[in-house]
Amino acid sequence: MTDAIQTRHIPDHQTSRAARIFKSWESLLLAVAIAIFVINSFATPYFLNPWNLSDATFNFTEKAMIAFAMALLIISGEIDLSVASIIALASTAMGLALQYGAGTPELVLIGLTVGVLCGAFNGFFVTVLGLPSIVVTIGTMSLFRGISFIILGDDAFRGYPASFAWFGQGYIYWVFTVEMALFVIIAIIYGVLLHKTNFGRAVYAIGNNPTAALFSGIRVQRVKFILFVLTGLMSGIAAICLTSRLGSTRPSIATGMELEVVTMVVLGGVSILGGSGTIPGVVIAAFVMGLVTFGLGLLNVPGIVMSIFIGLLLIGVIALPRLWAMAARGRRA
Amino acid sequence: MSPSPVPPISPDLAPLVSMDMISKTFTGVKALDGVKLDLYPGQVTALVGENGAGKSTTVKILTGIYQPDGGTIRIDGAPVSFARPNDAAKAGITAIHQETVLFDELCVAENIYIGHAPRTRFGLIDKAQMHRLATKLLAEIGAPFSSHTPLRDLGIANKHLVAIARALSVDARVVIMDEPTAALSHKEIEELYALVDTLKSQGKAILFISHKFDEIFRIADRYTVFRDGAFVGDGKIADITENDLVKMMVGRSVDQIFPQSDHAIGEEVLKVVGYAHPTEFADITFSLHRGEILGFYGLVGAGRSEFMQALFGITKPSKGVCRVNGDIKVIRSPADAVSNGIVYVPEDRGRQGAIIGLPIFQNMTLPSLAKTSRHGFLRLAEEFKLAREYAQRLDLRAAALDQDVGNLSGGNQQKVVIAKWLATQPQVIILDEPTKGIDIGSKAAVHAFMAELAAQGLSVIMVSSEIPEIIGMSDRVIVMRDGRIAAELAKDDLTPETLVRHAAGIRSSKAGAAA
Amino acid sequence: MTRFLPMRETILAGAILVLLLLVAARFPGFVAPANLANVFNDTAPLIILALGQMVVILTRCIDLSVAANLALTGMAVAMINVAIPGLPIGVIMGIAILLGAAMGAINGLLVWKLAIPPIVVTLGTMTIFRGIIFLISDGKWVNAHEMSSAFTGVPRMVLLGLPVLSWAAIITIILFGIMMARTQFGRSIFAVGGNPHAAVYTGIDVGKTQFWAFVVSGALAGLTGYLWVSRFAVAYVDIAGGFELEVVAACVIGGISIAGGIGSVGGAVLGAIFLGVVKNALPVVNISPFWQLAISGSAILIAVAFNARAGRSKGRIILKKAETTP
Amino acid sequence: QDDVRIAIVVKALGIGFFEAAAEGAQEAAAELGNVEIIYTGPTDTTAEGQIEVINALIAQQVDAIAISANDTDALVPALQRAMQRGITVISWDSGVAPEGRQLHLNPSSNPLIGNMIIKLAADHLPDGGEVALLSATTTSTNQNIWIQEMMAVMGDYPGIEVVATVYGDDLADKSYREATGLMQSYPDLDAIIAPTSVGIVAAAQAVVDAGKVGEVNVTGLGLPSEMAGAIASGASQSFAIWNPIDLGYSATMLAYELSQNGVEAAPGAEIPMGRMGSLTLDENNEGAMADPFVYDASNIDQFKSIF
Ligand SMILES: Nc1ncnc2c1ncn2[C@@H]1O[C@H](COP(=O)(O)OP(=O)(O)OP(=O)(O)O)[C@@H](O)[C@H]1O
Ligand SMILES: Nc1ncnc2c1ncn2[C@@H]1O[C@H](COP(=O)(O)OP(=O)(O)OP(=O)(O)O)[C@@H](O)[C@H]1O
Ligand SMILES: [Mg+2]
Ligand SMILES: [Mg+2]
């Protein structure tokens, strides 16, 4: 019966590996990053100085730590707009603990715990109650920072121990900061998690079709919950770094950071609709944003004007290839 | 035997629509390659072809959703081009598409008239008039619901009626039906046939797409055959036999006899006792044996899928016990089901089956990752190996294994979904309408494959609304009606009448009365 | 369709009433008609923007650039007013609406022609618009004393007992009521959001509908830009900073589904009023300012959780059918 | 010889007060001859924004940074790094904790300002009354200090009661709403004291809109150019401010002295600041520039076009 059917050979890949890499978003972004680096080196004499470049990394390391977790969350089809508020709450909790005599290890533990709890809180609303994450996190964005305001009011927590300063102000070796090391380690962990593990595959499957993923035996809600917790955890780590770097806590800490994190993730080629994106893309995007803001900063361009560049970059890197393709199609027709 | 010669077209009729040398390429895939299709007034033309032959693509071109890369479309002999769906509608072409394409949040009348609602003097939508017209239209097709009903409150079959009403609401000259009976029950199918006859008598040209040959020979006047995006032949139904048509379509002869099920039936593998759900089903008790094919028959909406999804851990039953190999198992999630060797190939392939956006091989290995990976880390080589093996076993047609599964035709997507479950090497496989929308060649392959699986000792639950399939394949059949088991029939008791009787709740003919 | 005030809107209206009663218990003056009119007036910009945002969200998009659009238009008309003090306010309003619509059209074009996800487009244009304000104003403020008295006077001019600002909101509500229920565009918006795939098949151009939704949202943002700047009598880079989230929150509280296709004019208006009441009540009932943020955050969460419960579908209920047909 | 680069870092760009200060800095630069002023700051009043600006300035190896801080403490590590790399750091207007700067220039002495703002209100309330405070953000250093100082002298103003303190975050709309809320919650309110140039303008507008001109007097610290309308409408009887041009001028002069002339900032030191005389440092290395100046209907026209 069936032996009449001639089995056809199906190749593994449509195109060669080189072609795939060449055509990828990451290559485009890398070209942009290199261009910006070169332009910066010519535009200002202060750019190519190791210490200055080291300082420049502070412009993106903390945001990028969160961006890695956020990338996974966005790939899975969710989003967390409360990350900056989690930083505020975690930082406030650390400051509060400080008043009761907590030392550096306890502070770190508290920062991480609060981050995880906030992430779990978001995750609960999204996965257990089934509410859309963009809405939930717009709510918790106010709630978490609101709690900080209730605790701190117009006061500030200061006087963090000297050993605590290591996280945000310390150097591992020469110009390499502790934050940079954390950035590299976290990037590698998330890169492996997303691209090399079953968990990462599940994240992609969920992002493309959550129903079918569920029907394929993936524990969709559990995976999403874990992603929210991870995002919370990363916000906790960022809170430790930022608090250490500022040496004090105010409820207004990290205001507006959530949008920069999301921008970084999207610039990194992660589809905001879920289902696609890579960690290397986000790493390069972090550098692009860091280089642009630092380069313009050296030229004393006001932050708001820098944000025009970031906004144009965000739209431009997506729009230009499409315009190009449209033009090419127009020429052929 | 070679395909029968193409019969000459009768000279007395000029085609109303005539497509010629139409081509369409999607990124890399040549969906249509210079095809031709003629539709005649007052006649039903059946368009047949395997999955992916390009039937739906042709429909989309004819309705202005896609624009062809080349070729001409003529209406009454004059060339036309449709830049957007409205152009086709203005030319009098309307379609009932393969997927129901309606709006859950709008009411029935709005669904029928969206885009061409009657207006008041001020250019605003005239709601009263719209409902009047809709009510009249619904009465004509015998729809049992009001024009005010929100669409989301309708069942799938009734939604189809709305789609039909919508197609009729424009005074069209050409009506296209892309697999219109796939989701309809017996009775509704008959009503649809009657409707087609009415349309014919009004002189409309009808394009009818179906994989069911009995249906084609029942209502079509003419046929056109596509194979792999190319035109193969056309002619009058009266001039061709079913076997020859199949041969034209597949390019070889297909044995339509169901495979002999001479597999041995072994010990009990699965036992379900008293499964119930607050609103969807109740008192479901049955057992399943090794190597058995258990058919689940019922009218559309009988609740078979709901029960199967509960068994698979998607929804939670309120009561009931499930034993696998004699041990009580609590199945709370599909992951639990899979680890107990129970897998489910869903009915709604696009939403629940294939993960569009992921490559074919990743779709196939998704539930088997535990096997292909090591300590939770992926091993791509193992994945490709597994995917290659099952692609071959199911005769998948694809350009490459890392191609997006969304670029496959419906039938091939179904193969990927079945492959993904077979790769887990389950004990029990539940196939929910496994051949719905699948072409006759692949259908035979699926049937053969099912028999092969059963012979290898796999237990199969097959949910199907197709009587020949149920009778041909099953060792035993459970008939469901309104969420409950209506009857359990042994292979020897299977006749179309008994099945329909139990499914529709008609008491035995001797007792006489209908419920 | 002749449906009663739907479930969700009724619940929300009830919640607003309860809230008013609670505030009245501590501060009876709050529910005096005059004060309620004040609260409505204060909420008017939010209502107008929420209606625009509703249209966008219904088509499965989101417009995060409304506040930036508002600020840019506001700055532009303020600067025009400074440069040409004699320009009639009607013309100023026209310019504001056109300018806002033009910015909406930019968003719309990027979404329509280039198929860039709306959240990305508007995240980008949000920062770009703000940046442009800085560029055109050189970062300087336009202050009350520089504006003409007609410019600052119009929104507070009282007609039939209500300020023009309130009337602007009321007229927008009425126009939107008609537009959503009785025009092809309005119904297309629901269709596009409810099932974009099906919309294509019914001859509705999804991208174009989304484009017009952005234009509508932009035009309203432009109008609000003038109203805002003239009401607070100041224009600078940061006005209405972060207001876009409040607008989205109003829509979400009002039951507009963020996934598109579901929502109503009544819902959006009530959602905005709910937030407006909360915001105006907190300082009045003398709750410490430090509690405000947490309370409005909780209110959003509660309202949304509640909404989702009320809107959850009941399933198909096969068994019920069995009982009625024995 | 290369120009001496002095960075004037402000809380946020675009605020009239700081624009005027920048003018003063340019005046000082012109006077000194070889000075280049870098006028910069974030666009919103955040510490993080200022840190990024400071990092960029460190990288450019500017000679001195004179900053009006958004946060007393958060900027300390960044400014300490600047000092380690040999950059002179002073704060002005809104201060940084002592370990983060070499000296701080107060526009005026804090007790004087605290007393001034309540006195402005009390002068028009001979029979006592209710007053409320509309401040900037909850974290604004200088506003908080002035309010503290004001509370300390409340005993001198019997019959005057402070009924509430609210925060407008230096946003016009929020300040407006807070002011409106104050008038609703306290129907007998007699005065709103807004020790911030954004808040005072918004409060005046709110009073006009509520039709309470003559009932509620708005006072505090504001710029003549921005308050001219409020004085004219009667919403504000009087307000005070120091001259921001002088402040920017002085800050630049001080930065120059420290950076170029080897002047040591130490308690008791007296540092010259051009036409503004000299600054005497207290035990915290802080000093006050001059007394605030009161503006009312009699003199507003003379100043409104200046700053
Ligand atoms: N949007 C698309 N993008 C890429 N390829 C497509 C697209 N639509 C169809 N195809 C491809 O075009 C070919 C024809 O598909 P079409 O849907 O017309 O087949 P069909 O004859 O309707 O099949 P079925 O019987 O399964 O419905 C298939 O190979 C399919 O994979
Ligand atoms: N009202 C509806 N709207 C959209 N899809 C529906 C609707 N009702 C059912 N479906 C879907 O259509 C498919 C067929 O549904 P059906 O009516 O057959 O119900 P069922 O419970 O699967 O019954 P059975 O499998 O016994 O026929 C299912 O996948 C179901 O999820
Ligand atoms: Mg098809
Ligand atoms: Mg079914």
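Values for this structure:
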quantity	calculated
Selection from the stretch C:174-194 of residues that are more than 9 Å from chain B (Cβ to nearest Cβ) and buried (at least 18 other Cβ atoms within 10 Å of the Cβ)	C:F176, C:M179, C:M180, C:I189, C:V192
Residue list for the stretch B:278-324, restricted to those being of a type in the set (F, W, Y) and out of contact with any Leu (no Cβ under 8 Å at 6 or more places or on another chain)	B:F296, B:F307, B:F312
Qualifying residue in the stretch A:41-61 (condition: open to solvent by less than 60 Å² (accessible area, probe 1.4 Å) and away from chain D (no Cβ under 14 Å))	no
Output for the stretch A:303-325, where each listed residue is surrounded by fewer than 14 Cβ atoms within 10 Å (Cβ to Cβ) and more than 8 Å from chain C (Cβ to nearest Cβ)	A:L320, A:W324, A:A325
Qualifying strands (runs of 3 or more DSSP E) (wholly inside the stretch D:28-131; at least 2 residues being of a type in the set (V, I, T) and within 21 Å of the chain's Cα centre (by Cα))	D:35-40, D:64-67, D:88-92
Matching helices (runs of 4 or more DSSP H) fully within the stretch B:291-375 where at least 2 residues are within 14 Å of ligand 2 (Cβ to nearest atom) and in the same structural domain as B:A157 (by the TED database)	none
Tabulated pairs, the stretch B:289-316, first in contact (Cβ under 8 Å) with a residue 24 or more places away in the chain and away from ligand 3 (no atom under 16 Å from the Cβ), second open to solvent by 10 Å² or more (accessible area, probe 1.4 Å) and part of a strand (DSSP E or B), C-beta under 6 angstrom, 6+ apart or interchain	B:H289/B:E268; B:L294/B:R476; B:A302/B:R481
Among the residues listed as B:K36, B:K55, B:K60, the single one being under 26 Å from the mean Cα position of the chain (by Cα) and more than 16 Å from ligand 3 (Cβ to nearest atom)	B:K36
Spans of helices (runs of 4 or more DSSP H) in the stretch D:213-307 with at least 3 residues crowded, with 20+ Cβ neighbours inside 10 Å and without any contact (Cβ under 8 Å) to a residue 24 or more places away in the chain	none
Residues satisfying the stated conditions in the stretch B:376-400, i.e. surrounded by fewer than 17 Cβ atoms within 10 Å (Cβ to Cβ) and not in a loop (DSSP other than H, G, I, E, B)	B:F377, B:L380, B:A381, B:E382, B:K385, B:E389, B:Q392
Members of the stretch A:69-102 that are touching a helix residue (DSSP H, G or I) at 6+ places or on another chain (Cβ under 8 Å) and not in a helix (DSSP H, G or I)	A:S76, A:G77, A:E78, A:I79, A:D80, A:L81, A:S82, A:A102
Residue list for the stretch C:231-264, restricted to those being hydrophobic (A, V, I, L, M, F, W, C) and open to solvent by 20 Å² or more (accessible area, probe 1.4 Å)	C:L245, C:I258, C:A259, C:I262
Condition met for B:Q403 (polar (S, T, N, Q), in contact with a Leu (Cβ under 8 Å, 6 or more places away or on another chain) and surrounded by fewer than 24 Cβ atoms within 10 Å (Cβ to Cβ))	no
Residue that is farthest from the chain's Cα centre (by Cα) [pool: residues in the stretch D:155-190 that are crowded, with 24+ Cβ neighbours inside 10 Å and small (G, A, S)]	D:G181
Residue pairs meeting the criteria (Cβ under 9 Å; at least 6 apart or on separate chains; first more than 7 Å from chain A (Cβ to nearest Cβ), in the stretch D:44-64; second part of a helix (DSSP H, G or I) and among the charged types (D, E, K, R))	D:I51/A:R245; D:I54/D:R81
Residue satisfying all of: in the stretch B:413-446; within 11 Å of another protein chain (Cβ to nearest Cβ) and polar (S, T, N, Q); farthest from ligand 2 (Cβ to nearest atom) among these	B:T424
From the options B:I265, B:I237, B:I284, B:I216, residue that is within 16 Å of ligand 4 (Cβ to nearest atom) and aliphatic (A, V, I, L, M)	B:I284
Wholly within the stretch B:5-108, strands (runs of 3 or more DSSP E) carrying at least 1 residues that are near ligand 1 (Cβ under 10 Å from one of its atoms) and either of a type in the set (A, V, I, L, M) or in the same structural domain as B:L199 (by the TED database) (or both)	B:17-26, B:29-39, B:44-48
The stretch B:89-99, subset surrounded by 20 or more Cβ atoms within 10 Å (Cβ to Cβ) and facing chain C (nearest Cβ under 8 Å), residue nearest to the chain's Cα centre (by Cα)	B:H97
Exclusive hit being assigned to a helix (DSSP H, G or I) and surrounded by fewer than 16 Cβ atoms within 10 Å (Cβ to Cβ), set C:A24, C:A68	C:A24
Some residue of the stretch A:281-290 being part of a helix (DSSP H, G or I) and within 11 Å of another protein chain (Cβ to nearest Cβ)	yes
Residue within the stretch B:292-302 that is away from ligand 1 (no atom under 16 Å from the Cβ), among the small types (G, A, S) and open to solvent by 20 Å² or more (accessible area, probe 1.4 Å) present	yes
Residue match in the stretch A:114-132 (condition: polar (S, T, N, Q), surrounded by fewer than 19 Cβ atoms within 10 Å (Cβ to Cβ) and either within 21 Å of A:V262 (Cα to Cα) or touching a helix residue (DSSP H, G or I) at 6+ places or on another chain (Cβ under 9 Å) (or both))	no
Residue list for the stretch B:406-429, restricted to those being more than 26 Å from B:G49 (Cβ to Cβ) and open to solvent by 30 Å² or more (accessible area, probe 1.4 Å)	B:Q425, B:Q427
Answer from C:L270, C:L293 - the residue that is within 14 Å of chain D (Cβ to nearest Cβ), aliphatic (A, V, I, L, M) and part of a helix (DSSP H, G or I)	C:L293
Positions within the stretch B:30-76 being under 21 Å from B:D439 (Cα atoms) and open to solvent by 50 Å² or more (accessible area, probe 1.4 Å), in sequence order	B:K30, B:D33, B:K36
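One line per residue, one yes/no per condition, for (1) outside any helix (DSSP H, G or I); (2) buried (at least 24 other Cβ atoms within 10 Å of the Cβ):
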| site | (1), (2) |
| --- | --- |
| C:G86 | yes, no |
| C:I92 | no, no |
| C:I97 | no, no |
| C:G108 | no, yes |
| C:W112 | no, no |
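The values are calculated or read from the model by the stated rules, or taken from the named source; none is laboratory data. These figures come from a predicted structure and were not determined experimentally. Backbone-built Cβ (ideal geometry, glycine too); neighbour counts: all protein chains shown. In case anyone asks, the SASA skips ligands and DNA or RNA and just uses the protein heavy atoms, side chains included. Shrake-Rupley method; radii C 1.70, N 1.55, O 1.52, S 1.80 Å.
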